[in-house]
Amino acid sequence: MATETDLKAAESLGSHDLTELATLSDAHTRVRAEMARVIVGQDEVIHQLLIAILSQGHCILEGVPGLAKTLMVSTLAQSLQLSFHRIQFTPDLMPSDITGTEVIQENKSTGQREQRFLPGPVFANVILADEINRTPPKTQAALLESMQEKQVTIGGVRHVLPIPFFVLATQNPIEQEGTYPLPEAQQDRFMFKVFVRYPSFDEEYTIAEKTTAIFSTEVSQVLASEQILRLQEIVRRVPVPPHVIRYALRIVRATRVHEGGVPDFIQQWVTWGAGPRGVQYLLLGGKSRAALDGRTFVNTDDVRAVAHPVLRHRIITNFNAESEGITPDHIVDRLIEAIPAAEEAEALAGEAARAFTPEQEQAQPPQEAPAE
């Protein structure tokens with residue numbers, strides 16, 4: 001429900017922005033419909049991918065083989081009219097295999113040799129870094145500049161990547177032999193860590209029925225890259241009320257075991273908590289979620305909805321948590337229970353204040369003395 005503060009903050013958006021937001025809400029429905037022609041189920045995963053794209057963020061997608069992660073990403077790129085490249089990460093992959101390299105070629109017209117840059121597969125709008133943890137850290141780090149600066153530097157020359165630019169890295173959670181886990185600093189560059197679950201019985205029945213017959217994967221284009229860039233800009237302009245910012249701050253700061261006043265279960269189960277990027281992505285994810293719903297304001301429900309994918313790879317648990325089977329998702333659940341939303345706390349305080357005030361005491365009629 002929108003508070004008076006939310007509605008006042010929403011007035012900062014112009015009429016043209018409101019029209020664009022209405023267009024985005026409609027496009028969201030159309031994208032989901034187009035993807036449903038190819039992808040069965042996984043609605044929440046698709047929703048989170050769209051939130052990340054509008055927030056200009058990147059995602060880690062974790063799931064067992066065979067859950068259509070690659071097909072999901074390529075279909076999303078088609079429906080958004082974006083170029084798509086898949087990079088299969090292997091132990092022998094080199095950084096230049098991702099970013100590109102400089103070669104010397106002979107100019108047939110002049111006979112002179114010239115240096116020329118051959119761009120790598122990273123030069124696309126949507127990059128699927130398939131099984132990113134199967135390549136050594138040197139090659140993993142080749143994506144860092146691309147993700148942060150939207151560019152690559154080869155031989156001292158800066159090469160700008162096409163925008164919008166979105167990296168989706170996949171990981172297999174069940175086979176860890178011969179892998180190179182992403183360092184925490186590199187994981188922090190990803191906005192979301194999204195879990196891809198097994199389909200339900202009915203969904204898997206539909207998958208089996210469709211994919212073993214004549215199966216068409218053609219989808220219609222819903223949004224062009226220019227429209228996506230415009231919508232990304234509008235999402236950034238969606239206002240966030242101060243109490244929502246404070247709520248996001250309280251959640252993130254409560255994950256830091258060395259902060260004062262954190263819950264006891266944090267000190268018991270957590271080694272390191274989320275940094276400032278956690279707050280930024282909670283708010284950006286809340287803005288995108290509100291925009292996809294056609295709303296011009298962000299509330300604490302939006303922050304709670306994106307808390308798990310934002311924080312699950314930023315909370316480092318200790319041995320106590322692992323021995324008790326406590327995951328970062330369990331900790332986020334406990335934090336949401338322990339930290340009430342700001343408007344809920346304000347409402348409770350207001351009800352308590354209205355229950356009995358000095359003014360009400362003065363306004364009360366004098367009570368008659370009991371009859372003797």
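A few points about this structure:
- The alpha carbon gyration tensor of the chain gives principal lengths a ≥ b ≥ c with a/c of 1.5 or higher and a/b greater than b/c, which makes the shape prolate.
- For the options Thr139, Thr23, Thr296, a Gaussian network treatment of the chain with springs between C-alpha atoms closer than 10 Å singles out Thr23 as fluctuating the most.
- Extension gain, Leu249 back to Phe265 (0.36 nm per residue minus Cα-Cα distance, nm): 3.9 nm
- Separation between Cα centres of the stretch 312-337 and the stretch 109-187, rounded to whole Å: 31
- Mean separation of Cα contacts under 8 Å, 6 or more apart, over the residue count of the chain: relative contact order %: 22
- GNM on the chain, alpha-carbon springs under 10 angstrom: the most fluctuating residue among Ala254, Ala213, Ala291 is Ala213.
- Taking other C-beta atoms within 10 angstrom as a stand-in for reagent exposure, Ile174, Ile316 fall in the order Ile174, Ile316, fewest first.
- Taking the inverse of the mean reciprocal distance over all distinct Cα pairs, the Kirkwood hydrodynamic radius of the stretch 84-231 comes to 18.3 Å.
- Whether the stretch 158-302 is rounded, prolate or oblate, judged on the alpha carbon gyration tensor where a/c under 1.5 counts as rounded: oblate
- Helix 342-355 axis, angle to the chain major axis (alpha carbon atoms, nearest 10°): 0
- Square roots of five times the Cα gyration tensor eigenvalues for the stretch 85-134, Å: 30, 12, 6
- Spatial separation of Cα centroids for the stretch 87-101 and the stretch 51-67, in angstrom: 20
- Anisotropy class of the stretch 14-79 from Cα gyration tensor, a/c 1.5 cut: prolate
- Note on Thr206 and Ser323: the model spin-label points, each 7 Å out from Cα along the C-beta direction, lie 4.6 nm apart.
- Too-long pairs where the Cα-Cα distance tops 30 Å, listed order kept, from Lys138/Lys193; Lys69/Lys287; Lys210/Lys287; Lys138/Lys210: Lys210/Lys287; Lys138/Lys210
- Inter-site label distance for Tyr180 and Ala141 at 7 Å from Cα along Cβ, in nm: 1.0
- By the beta-carbon count within 10 Å of each Cβ, the least crowded to most crowded order of Arg304, Arg236, fewest first, is Arg236, Arg304.
- Residue separation of Ser83 and Ile336 scaled by 0.36 nm, minus their Cα-Cα distance, works out to 87.3 nm of gained length.
- Amide proton proximity set for Thr317, modelled H, under 5 Å, gap of 5+: Thr271
- Relative to the dominant Cα principal axis of the chain, helix 300-311 is inclined by about 40°.
- Annotation: the residues Met35, Met191, Met94, sorted from fewest to most other C-beta atoms within 10 Å of their own C-beta, follow the order Met94, Met35, Met191.
- Tilt relative to the chain, helix 201-211 - C-alpha long axis, 0 to 90 degrees, to 10: 20
Values quoted throughout were computed directly from the atomic coordinates according to the rules given, and no laboratory measurement underlies them. Everything quoted here is computed from the prediction, not taken from an experiment. Glycine also receives a Cβ, built like all others from the backbone with ideal geometry; neighbour counts cover every protein chain displayed.
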